[in-house]
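Trainee: Just passing along the structure, written as structure tokens.
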Amino acid sequence: MINALEDYFDRLWPITRSLTGNGNRESLKILSEIIDLEINEIPSGTTCYDWNIPPEWNIQDAWIKNSKGDKIIDFSKNNLHVLGYSTPFKGTLSFKELKEHLYTLPKQPDLIPYLCSYYKERWGFCLSHNQLLSLDVNEIYEVFIDSSLDSMGSMTVGEAILKGTSKKEILISTYICHPSLANNELSGPLVTAFLYQKLKHLKKRKYTYRFVFIPETIGAIYMLSKYGEYWKEYMQAGFVVTCIGDPGKFTYKKSRRGNSLADRAALTILDQTEKNYNLVEFFPNGSDERQYCSPGFNLPMGSLMRTMYAKYPEYHTSADNKDFISFNAMEGSVNKYLEIIELIERNEKYINTKPYGEPQLGKRGLYPTFTQTGNDDYVRAMMWILNLADGENDLITISERSKYPIKVLLPIIDKLIENGILKKYKR
Amino acid sequence: MINALEDYFDRLWPITRSLTGNGNRESLKILSEIIDLEINEIPSGTTCYDWNIPPEWNIQDAWIKNSKGDKIIDFSKNNLHVLGYSTPFKGTLSFKELKEHLYTLPKQPDLIPYLCSYYKERWGFCLSHNQLLSLDVNEIYEVFIDSSLDSMGSMTVGEAILKGTSKKEILISTYICHPSLANNELSGPLVTAFLYQKLKHLKKRKYTYRFVFIPETIGAIYMLSKYGEYWKEYMQAGFVVTCIGDPGKFTYKKSRRGNSLADRAALTILDQTEKNYNLVEFFPNGSDERQYCSPGFNLPMGSLMRTMYAKYPEYHTSADNKDFISFNAMEGSVNKYLEIIELIERNEKYINTKPYGEPQLGKRGLYPTFTQTGNDDYVRAMMWILNLADGENDLITISERSKYPIKVLLPIIDKLIENGILKKYKR
Amino acid sequence: MINALEDYFDRLWPITRSLTGNGNRESLKILSEIIDLEINEIPSGTTCYDWNIPPEWNIQDAWIKNSKGDKIIDFSKNNLHVLGYSTPFKGTLSFKELKEHLYTLPKQPDLIPYLCSYYKERWGFCLSHNQLLSLDVNEIYEVFIDSSLDSMGSMTVGEAILKGTSKKEILISTYICHPSLANNELSGPLVTAFLYQKLKHLKKRKYTYRFVFIPETIGAIYMLSKYGEYWKEYMQAGFVVTCIGDPGKFTYKKSRRGNSLADRAALTILDQTEKNYNLVEFFPNGSDERQYCSPGFNLPMGSLMRTMYAKYPEYHTSADNKDFISFNAMEGSVNKYLEIIELIERNEKYINTKPYGEPQLGKRGLYPTFTQTGNDDYVRAMMWILNLADGENDLITISERSKYPIKVLLPIIDKLIENGILKKYKR
């Protein structure tokens, strides 16, 4: 998987993505090779609750030349150079005039910032602070931005479904609105697409899985306008997949509910499989969990990340590039999401069919025939399962209370079901 | 306010107050200059639940003379010298006979204790232990107590009301039964009276405020017999104002419920405005919260104090005098009560009127137009308010969960209401 | 009591007890001198839920002789030498053949292990590992086990009842299936029998006490088949009495519920009377609480032990003998159980009959007549009782919240009841 992740990364990296535009279309087309996406165009101006789909933005070229005609800033070299959603512009400006449109990071003077102005019309360029300092203040600059904002355009979104035996849904949401940035945010779409591959090949799926590839914020609000009421009834758990490609330890941000199935499953797996991880309580800033966990929906959506947005210095700069991420880590992220989902699939409540005293395990070959040797972990874990199988405790609770990890409990549960002593609880 | 506090303190200080009597009448009359008190006389013998209003006690003079005719103890010099509710007495006694009626503090040999015998008839004098040791054991002493216990008298109580738009009440209760003692207890009536002044001038009041000036215990039981059933329905919060004039840090004693609105508001303000304070769980000893929080009523009444009764060595001695208190601190106490009440007034549950995804703040000028700069505290706090405005979380909970102080949240709430994105929740 | 405990211990010690058999009958007969046991025989083959009563096992003699005719292992010297429930055997074997039937503890090479094979037919001998190493591998051994497994036999159980004014029951359960072992398990039957003596002489009993003397596991499952449904309705608390004779500190293992009356009472007493003790959360291994707390019953049964089974190296070996236990400790165990039961007997909810403000304690002689001296512990504890006597808080809660120990509260409660200010709450 590591090589495939890198190949797709390399193909997607140079494309200029934004809220809307051809870069997004192209990106979703490439991702469709991995995940069976239905791609939809939502017309600019469409109302979604308090919002409208913005005009479609496209950009062909942009540069700044000095009086010698040298391109000192060139969009074709790094698409971060142009302020996202810049209006078209062509003109000749003094340094003083130009400076009003230049954005830098004085505290990280080597890096180009990533900035956008989605909902206010502006044009601008982003560059390193050192480059800004090197500019000749007496020069006259020629500026060109060949962009367009089309109110008859559309926003492009992708969706895929993997049906399960139940209509109940697990949502995997990721976003595609960042240009050439690696951890935030090519890692999210890549991990999501490869997770789809894994889930597609599961022998059976209890839940239905929905994957959405959207621009951040407006895309999530659009999806809520489409599915929000349905999800209130059918969503069992969901995750926003973002910042998931760097080699840092995992971070889990809880849903607004704080104890949703998404939270319980993710934290159980992290507890039982990772030496260290960060646990972050819900806060209403961040990524699309802001929308999914808005008070009108309050969906059970958390977010498993590696190093969280705004918590690493490379965030939203030109340093969030291929050097910063690890395809090995990204594969680990796919697998960690898979482990969490497998737990969600298996998280049942059980009924002990012989609940009056212990079942006689010995006659079923499930118990050592010597008294003294009955205390090994296998038997202890079996006893815990049988004792807590009262239709009240789910697998996660059994694991918490018994302190036996899920991977120890599951084969014993299968064994007990096979022997007719245990069955799934159906309300 | 500091000068006014001191002026009133100086006028009230010399008056002999007790459960009943002219000293209480005179004190309430002086306090009426600050707070619009309705003063009532409750006849001795009136039954209140398990209690009866005691006979009215008055005292004109009292002294002990040695055989030379020198007044060695003189009520007119310090009203603590006479045991509260002493019966009248006139007689000549040996030292041995007299000693049975003398009370001292051997561990604080310079101080005169403050003692009473309300419900058992006694006479006695309080003096410093050093003075007791200096008395001539071979002397014959002349003793005179010009007091009276009148079963046709009455108990004097004061009440004031500041009406709000709602019948729901906040009770401020203080007591007036201590003679010349400063922190416990001239500070309580003074702080209460000046708090009335502040509340009177609030632009609007949601709640109705009731102020009661009563003798401790019997006064509170009387008030409960009058309003207890009403308060069970209408009291939102209440405070016993006592020991509130010394320069020590604040102490908050919780109501019996432990999480009443009084408790939550007081602790929120103390957390957010004081570096240190003492938190005391409810205990059924202490002041009139004993009565208000008796199991038949269990009212939401706590007590904001400075150094709590019985926790300072000057307590109930002649050293609890003007030197011990601070008018600066007392002004701070008035203002702290005011802050708590202002929080109670503003403690609403809110509804986000655009709860499906985030409202688009940008188009209302409430959100930075650059992506990168959206993370300042103003925006974060706004996000928290909107996210928690689901009709379940009140302002105190929003402050707790967001960790933004009330004073940061309130102007943002006002702004959001003004923009129509937020409204008060009405059940 | 100490001498009596030792006398009975000495008489019971040499008897070979097991799940069934004459040793159990003989042991119950001896115990009947202390506790008025009804002894019942349950036929082998009787079905109890998922189990059947096993065939009755009896053993007269067993030995291994070397070729010289010397008994190198002799059941008559230590009944641990024979694997419990060994089938009869007679034969001549090489060392290699014999070795398959020999059980030792290589890590405790001087000790004989205690082992059984109840539900699989086997024969075997237990011996010290050192003795095994000393055996001549070239010898031919003569082996004799004079045992019998009788499917027409029965399982012997003992029960006693001490009636209370209520049908509500407290269950004391102990087990009698261990041969010559001291802490686990002669201590349990001995402590239970002497506890019966103590409870028999209580002036009055609110609850009915049931004592059961059974073989472990199958005995408890049998008792559940007889009384389980009744206990679900009537059992208030219960305890499994085991490992209660060594001089170690107390261990309390909670019931599955975790906050049952058994748990609350035991932990309150241990907190208030023991400097140190071990608290063990419920786990579904262990002794008969496994059965009583199975999910079909979930009875309020915990277990007060001293050093818990499997937590001392002598456990289930020949070193769990008279040297390991202390009759002094055993007497302490009887008394500790008694204290816990006395608390259960007295654990009422109370009603303050004067709940509106405080009752006037002074006129009843319950309150100091001087104001200053009212703060002693007696008065404080009285105030707590009156304040919490609202029909919601039981004695244990009053003790927890007031921090006054049960032994301080009880005489005050009696005094208040006598004065008519307090009464027991009846639903």
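Trainee: Name the residue farthest towards the positive end of the dipole of segment A:56-150 from the options A:S128, A:G84, A:Q60, assuming +1 on Cβ of Lys and Arg, -1 on Cβ of Asp and Glu, about the Cα centre.
Mentor: Checking the options against the dipole of segment A:56-150, the answer is A:S128.
Trainee: Could you sort out which of B:K71/C:K363; A:K96/A:K120; A:K204/A:K426; B:K168/B:K426; B:K168/B:K424; A:K200/A:K407 sit more than 25 Å apart by Cα distance in this structure?
Mentor: From the list (B:K71/C:K363; A:K96/A:K120; A:K204/A:K426; B:K168/B:K426; B:K168/B:K424; A:K200/A:K407), the Cα-Cα distance tops 25 Å for B:K71/C:K363.
Trainee: Indicate the gyration tensor shape class of segment C:349-424 (rounded, prolate or oblate), computed on the Cα atoms with a ≥ b ≥ c the square roots of the eigenvalues: a/c under 1.5 is rounded; otherwise a/b larger than b/c is prolate and the rest oblate. Don't skip to the answer; put the middle values down first.
Mentor: Values: a/c = 1.77, a/b = 1.27, b/c = 1.39.
Oblate.
Trainee: Between segment B:54-130 and segment A:306-343, what's the alpha-carbon centroid distance in Å?
Mentor: Using only Cα atoms to place each centre, the spacing works out to 82 Å.
Trainee: At R0 = 30 Å, how high is the FRET efficiency between A:T87 and A:D110 if r is their beta carbon distance? Nearest 0.05 is fine.
Mentor: So the FRET efficiency works out to roughly 0.60.
Trainee: Taking a 1.4 Å probe, which of B:E233, C:E281, B:E41, B:E289 shows the most accessible area, and what order do the others take after it?
Mentor: Listed by decreasing accessible area, they come as B:E233, C:E281, B:E41, B:E289.
Trainee: Quick one: putting +1 on the C-beta of Lys and Arg, -1 on the C-beta of Asp and Glu, what dipole do you get for segment A:349-424 around its Cα centre, in Debye to the nearest 20?
Mentor: Values: 11 positive and 9 negative charges, 29 e Å.
Dipole of segment A:349-424, to the nearest 20 debye: 140 debye.
Trainee: Here's another thing I want to ask about it. Would you check the accessible area of A:T174, probe 1.4 Å, heavy atoms only, in square angstrom rounded to 10?
Mentor: My reading of the accessible area for A:T174 is about 0 Å².
Trainee: Mind ranking B:V408, B:V143 by accessible surface for me, highest first, 1.4 Å probe?
Mentor: Result, largest first: B:V408, B:V143.
Trainee: For segment A:56-150, what % of the accessible area comes from carbon and sulfur atoms, probe 1.4 Å?
Mentor: Values: 2250 of 4640 Å².
Ligands and nucleic acids excluded, carbon and sulfur give 48 percent.
Trainee: What angle do you read, to the nearest 10 degrees and between 0 and 90, between the alpha-carbon axis of helix A:2-12 and the longest principal axis of chain A?
Mentor: Result, in degrees: 30.
Trainee: Under a cut-off of 21 Å between alpha-carbon atoms, report the lysines in cross-link reach of C:K249, not counting same-chain residues fewer than 8 places apart.
Mentor: C:K275, C:K311, C:K322, C:K336
Trainee: Rounding to the nearest 20 debye, state how big the charge dipole of the protein assembly as shown is about its Cα centre with +1 on each Lys and Arg Cβ and -1 on each Asp and Glu Cβ.
Mentor: Computed charge dipole of the protein assembly as shown: roughly 2160 debye.
Trainee: Grab the beta carbon distance between A:W13 and A:K198, set R0 = 30 Å, and tell me the FRET efficiency rounded to 0.05.
Mentor: Once the sixth-power term is evaluated, E becomes 0.85.
Trainee: Dividing the Cα convex hull volume of segment A:75-212 by residue count, how many Å³ per residue is that?
Mentor: 147 Å³
Trainee: A further question on this structure: Report, in whole Å, the centroid distance computed from the Cα atoms of segment B:6-38 and segment B:175-208.
Mentor: 12 Å
Trainee: Could you state the per residue volume, in Å³, of the convex hull enclosing the Cα atoms of segment C:277-368?
Mentor: Cα-based convex hull of segment C:277-368, divided per residue, equals 204 Å³.
Trainee: At most 12 other Cβ atoms within 10 Å and a DSSP loop assignment: could you name the trypsin sites (Lys or Arg not before Pro) in segment B:260-365 that fit? Intermediate values should be presented prior to the final figure.
Mentor: On the way: sites: B:R264, B:K275, B:R290, B:R306, B:K311, B:K322, B:K336, B:R346, B:K349, B:K363, B:R364; in loops: B:K275, B:R306, B:K311, B:K322.
Of the trypsin sites (Lys or Arg not before Pro), the ones in loops of segment B:260-365 whose Cβ has at most 12 other Cβ atoms within 10 Å are B:K275.
Trainee: If you don't mind, there's one more thing I want to ask. Please give, to one decimal in nm, the separation of the simple spin-label points placed at C:K96 and A:K168, each 7 Å out from Cα toward the Cβ.
Mentor: 6.0 nm
Trainee: Using the Kirkwood radius built from alpha carbon pairs, what does the Stokes-Einstein equation give as D for segment C:56-150 at 20 °C and 1.002 mPa s, in µm² per second?
Mentor: Translational diffusion coefficient: 161 µm²/s.
Trainee: Take every Cα-Cα pair in segment A:201-268 and report what % of them are more than 21 Å apart.
Mentor: Tail fraction, whole percent: 38.
Trainee: Looking at segment C:60-119, which trypsin sites (Lys or Arg not before Pro) are DSSP coil and have at most 10 other C-beta atoms within 10 Å of their C-beta?
Mentor: Within segment C:60-119, the qualifying trypsin sites (Lys or Arg not before Pro) (loop, at most 10 other Cβ atoms within 10 Å) are C:K68, C:K77, C:K107.
Trainee: What is the helix-to-structure angle for C:327-346, meaning the angle in degrees between its Cα long axis and the longest Cα principal axis of chain C, kept from 0 to 90 and rounded to the nearest 10?
Mentor: Here the helix axis deviates by roughly 40 degrees.
Trainee: Next up: Name the trypsin sites (Lys or Arg not before Pro) in segment B:174-231 that are in a loop by DSSP and that have at most 13 other C-beta atoms within 10 Å, would you?
Mentor: Working: sites: B:K198, B:K200, B:K203, B:K204, B:R205, B:K206, B:R210, B:K226; in loops: B:K203, B:K204, B:R205, B:K206.
Sparse-neighbourhood loop trypsin sites (Lys or Arg not before Pro): B:K203, B:K204.
Trainee: Could you work out how far helix C:377-388 tilts from the main Cα principal axis of chain C, as a 0 to 90 degree angle to the nearest 10?
Mentor: 90 degrees
Trainee: Under a point spin-label approximation (7 Å from Cα along Cα-to-Cβ), what is the B:E392-A:E41 distance to one decimal in nm?
Mentor: 4.2 nm
Trainee: In whole Å, what are the Cα extents of the protein assembly as shown along the three principal axes, biggest one first?
Mentor: 119, 114, 48
Trainee: Output ³J(HN,Hα) for segment A:117-126: one whole-Hz value per residue in order, computed from phi by the Karplus curve 6.51 cos²θ - 1.76 cosθ + 1.60 with θ = phi - 60°, and x for Gly and Pro.
Mentor: Running phi through 6.51 cos²θ - 1.76 cosθ + 1.60 with θ = phi - 60° gives 9, 5, 10, 9, 6, 8, 10, x, 10, 10 Hz.
Trainee: Straight distance only, please: which aspartates and glutamates reach the Cα of B:K90 with their own Cα at less than 12 Å, same-chain residues fewer than 8 apart left out?
Mentor: B:D61, B:E142, B:D146
Trainee: In deg cm²/dmol, rounded to 500, what helix-only [θ] at 222 nm does chain B give when every DSSP H run of at least 4 residues adds -39500 (n - 2.57) and the total is split over its residues?
Mentor: Estimated from H runs of four or more residues: -9500 deg cm²/dmol.
Trainee: Measuring from the lowest to the highest alpha carbon on each principal axis, how far does chain C reach, largest first, in angstroms?
Mentor: Computed over the Cα atoms, the extents are 94, 40, 35 Å.
Trainee: Calculate one ³J(HN,Hα) per residue across segment C:186-191 by plugging θ = phi - 60° into the Karplus curve 6.51 cos²θ - 1.76 cosθ + 1.60, and present them in order as whole Hz with x for glycine and proline.
Mentor: 9, 4, x, x, 5, 4
Trainee: For the rotation bringing A onto C, which A residue has its Cβ nearest the axis, and at how many Å?
Mentor: Closest to the rotation axis on chain A: A:N259, 12.
Trainee: I've got another one for you. Buried by at least 50 Å² relative to the chain on its own: which residues of segment A:268-285 qualify, computing accessible area with a 1.4 Å probe on protein heavy atoms?
Mentor: A:P284, A:N285
Trainee: Put the label 7 Å from Cα along Cα→Cβ for C:K120; what are its distances to the other copies, in nanometres, shortest first?
Mentor: Result for C:K120, in nm, nearest copy first: 7.9, 7.9.
Trainee: So, one more: Calculate, axis by axis, the spread of Cα positions in segment B:162-231 along the three principal axes, and write the results as whole Å, longest axis first.
Mentor: Reported extents, whole Å, longest axis first: 38, 29, 10.
Trainee: Along the Cα→Cβ direction, 7 angstrom out, place labels at A:N285 and C:E274. What is the inter-label distance in nm?
Mentor: Inter-label distance under the simple model: 5.1 nm.
The values are calculated or read from the model by the stated rules, or taken from the named source; none is laboratory data. On a predicted model such as this, the values are computed, not experimentally measured, just so you know. Glycine gets a Cβ as well: all are built from the backbone with ideal geometry, and neighbour counts include every protein chain shown. The area values use the complete protein model at the heavy-atom level, side chains included, leaving out ligands, DNA and RNA. Shrake-Rupley method; radii C 1.70, N 1.55, O 1.52, S 1.80 Å.
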